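Step one of this worksheet: look at the structure below.
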């Protein structure tokens, strides 16, 4: 059985962006993640220690969102690295970082970066940005 924890839309106000205005004024961002982990024991034991603590995951994501970055890809990489550091039992997943209303002349609602990583690649060097599949 393949098991995962999915955390739906988390919304943050943060100061990520290349333009000085984005760094000063900020914008709204959304995070969505799915983390692959074996929580089969928790299905039987009903113990938090046998799974991932989604409250802690949300805190980790929140802490990383509070650190300004120019690129969404960098934000994603930091979140992935931090999650992997705290939860080595994560075997893969997907992470979506979305900027609402990016400051462009084009009319579109948002822009996102998606990172994915499957189990066999999770420990390969240079995979940081594809860790979105970590989630």
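Some points to look at:
- Protection proxy ranking, peptides 93-104, 13-24, average beta carbon neighbours within 10 Å, highest first: 93-104, 13-24
- Note on the range 1-90: semi-axes of the ellipsoid equivalent to its C-alpha gyration tensor, largest first and rounded to whole Å, are 31, 11, 10.
- Cut-off 20 Å (backbone N to label point 7 Å along Cα→Cβ of residue 19), residues of the range 33-68: 68
Coordinate-derived values only; no laboratory data. For clarity, every value in this text was computed on a predicted model and none was experimentally measured. Cβ atoms come from the backbone with ideal geometry, glycine included; neighbour counts cover every protein chain shown.
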